[in-house]
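Notes to accompany the following structure.
We did not get these values from a lab; they are worked out from the coordinates using the rules stated. The structure displayed is predicted, hence computed values, not measured ones. Neighbour counts are summed over all protein chains in view; Cβ atoms, including those assigned to glycine, are modelled from backbone coordinates with ideal geometry.
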Amino acid sequence: MPRKKNVVRPAEAFLSHSSKNLAFASKLAKVLSAHRVGTFFSKKHIHGAQQWHDEIGAALKRCDWFLVILSPQSVASQWVKHELIYALRANQYKERIVPVLYKTCDVDKLSWTLSSFQSIDFRKDFDEGCRDLLAIWNIKYGR
């Protein structure tokens with residue numbers, strides 16, 4: 001994957017995912033954190049009785065990159081769809097939406113617009129996916 005010029009490392013990337021893909025989201029967040037890329041995802045940041053709806057809304061407004069983890073579960077999730085719609089409309093995510101292909105799925109079920117974005121494929125090899133994702137921000141992947 002070619003590296004992009006003048007792309008700023010995210011201050012904080014929003015990880016949109018289905019709760020059924022939590023293990024993958026957590027693993028990806030750990031790699032991003034190890035490479036100094038901050039992340040927000042619901043399981044990590046929302047505890048107990050916190051108002052999760054408000055926390056997610058605040059994070060969507062605060063984050064500067066949007067990663068959507070794609071799987072059969074996420075494309076069927078209304079919450080993932082709501083988060084993606086917000087990201088597609090928000091100026092701070094212009095050219096900063098990254099589809100992360102975790103499992104083969106019908107992406108059009110989530111949004112017909114996602115097929116126009118360059119996705120990062122994790123289906124065959126997690127390390128290769130990490131390498132390609134971090135390359136977007138000109139970050140070299142190290143295990």
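A few points about this structure:
- Counting beta carbons within 10 Å around each of Y102, Y93, Y141 and listing the fewest first gives the order Y141, Y93, Y102.
- Fewest neighbouring Cβ atoms within 10 Å first, the residues D64, D127 line up as D127, D64.
- Sequence of H53, H82 once ranked by neighbouring C-beta atoms within 10 Å, starting from the fewest: H53, H82
- Secondary structure note: in the chain, about 0% of the DSSP beta bridges are antiparallel.
- Helices in the chain, meaning DSSP H runs of at least 4 residues, each add -39500 (n - 2.57). Divided by all residues, the mean residue ellipticity at 222 nm is -10500 deg cm²/dmol.
- Dipole check for the chain: with +1 at the C-beta of Lys and Arg, -1 at the C-beta of Asp and Glu, and the Cα centre as origin, the magnitude is about 380 Debye.
- Each Cα pair under 8 Å and six or more residues apart adds its sequence gap; the mean of these over the residue count of the chain is a relative contact order of 28 percent.
- A Gaussian network model of the chain, with springs between Cα atoms under 10 Å, assigns the largest mean-square fluctuation among F24, F40, F14 to F24.
- Dipole-positive endmost among A58, W79, V37 within the range 13-135 (Cβ charges, Cα centre): A58
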